[in-house]
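The values are calculated or read from the model by the stated rules, or taken from the named source; none is laboratory data. Owing to the predicted nature of the structure, the values given are computational and were not obtained by experimental measurement. When we count neighbours, we look across all protein chains shown, and the Cβ atoms used for this are built from the backbone with ideal geometry, even at glycine. Ligands, DNA and RNA are excluded from the accessible area calculation, which covers all protein heavy atoms including side chains. Shrake-Rupley method; radii C 1.70, N 1.55, O 1.52, S 1.80 Å.
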Amino acid sequence: MLTSPVDDSNILFHLLNYSTFCLCLVSKVPSIVLVARAKSSKGFSLKGLLLELTGYVVFVTYQIHHAAPSSTFLEYPILIAQDTVLLQLILYYNGKAKHSLIYIALFVGGWKLVTLQDWIIDLAMSLCTLISASSKFASAQCLYQSKDSSGVSALAWSISCYTCLARMFTTIMTTADIQVLTRFAVLSSLNGFVLAMIFHYRRDVKKVE
């Protein structure tokens, strides 16, 4: 992967980097708080979360493997940690806490597998966009079926929209990796779609009330 140096005086680049990192420090906290308070994962897609977590792991592994600037993916270990906490909560409230060990084993085993050969991690990255997009579709499907977005954080999805858009610009300024750019473009659109669904179902609930 070719990387192009960014001038230290490029204020936009650093603003996007720092704002993305800071927002990602707390991006999943609203969702974690909502699930913990409700003691329920109603409207929250477990399949979507698992796919999102898979996409995060593959993406950060690909970036590290190809020596991309650490500033362009530094938030991903934090997102992985927050998704892991959210996964534990959802499994606990669904009465499936024991399944967490199985998921941990699968993720660790999968991570080891994709790092065995260059072609495997490159193929995994090619599928990463599809995996991450599938996670958004799963979340949208769960919302559509439940018609209830009370357990889903609009703030968390808004942060996801912003950070994906920000990463599109930082990628253009650094590696210009087509696979990475495509991923962020697709996810930005789908994040916006899910966010629109969240607001739509909340408006419907208010009308009923």
Which numbered condition Ile64 misses (of (1) surrounded by fewer than 16 Cβ atoms within 10 Å (Cβ to Cβ); (2) within 22 Å of Gln141 (Cα to Cα)): (2)
Sole exception among (1) at pLDDT below 85; (2) open to solvent by less than 50 Å² (accessible area, probe 1.4 Å); (3) out of contact with any helix residue (DSSP H, G or I) (no Cβ under 6 Å at 6 or more places or on another chain) for Phe13, by number: (3)
Only listed residue being polar (S, T, N, Q), under 13 Å from the mean Cα position of the chain (by Cα) and either part of a helix (DSSP H, G or I) or modelled with pLDDT of 80 or more (or both), chosen from Thr54, Thr61: Thr54
The range 111-152 - residue that is at pLDDT 80 or above and of a type in the set (Ser, Thr, Tyr) and, of those, nearest to Leu49 (Cα to Cα): Ser135
Residue that is most open to solvent (accessible area, probe 1.4 Å), among those in the range 145-154 that are part of a helix (DSSP H, G or I) and more than 12 Å from Ala196 (Cα to Cα): Gln145
Criterion (under 12 Å from the mean Cα position of the chain (by Cα) and either at negative phi or of a type outside the set (A, V, I, L, M, F, W, C) (or both)) met by exactly one of Ile178, Ile159: Ile159
Pair list, Cβ under 8 Å, 6 or more apart: the range 49-61 residue over 13 Å from Ser139 (Cβ atoms), other residue among the basic types (Lys, Arg) and buried (at least 22 other Cβ atoms within 10 Å of the Cβ): Phe59/Arg183
Candidate set: the range 22-50, residues that are hydroxyl-bearing (Ser, Thr, Tyr) and open to solvent by less than 20 Å² (accessible area, probe 1.4 Å); chosen: the one modelled with the lowest pLDDT: Ser41
Criterion violated by Leu106 - all others in (1) part of a helix (DSSP H, G or I); (2) at pLDDT below 80; (3) surrounded by 13 or more Cβ atoms within 10 Å (Cβ to Cβ); (4) over 18 Å from the mean Cα position of the chain (by Cα) satisfied: (3)
Pairs with Cβ under 6 Å, 6+ apart, first in the range 109-131 and open to solvent by 60 Å² or more (accessible area, probe 1.4 Å), second modelled with pLDDT of 80 or more and of a type in the set (Phe, Trp, Tyr): none
Sole residue being assigned to a helix (DSSP H, G or I) and closer than 22 Å to Lys28 by Cα, chosen from Leu123, Leu113, Leu74, Leu89: Leu89
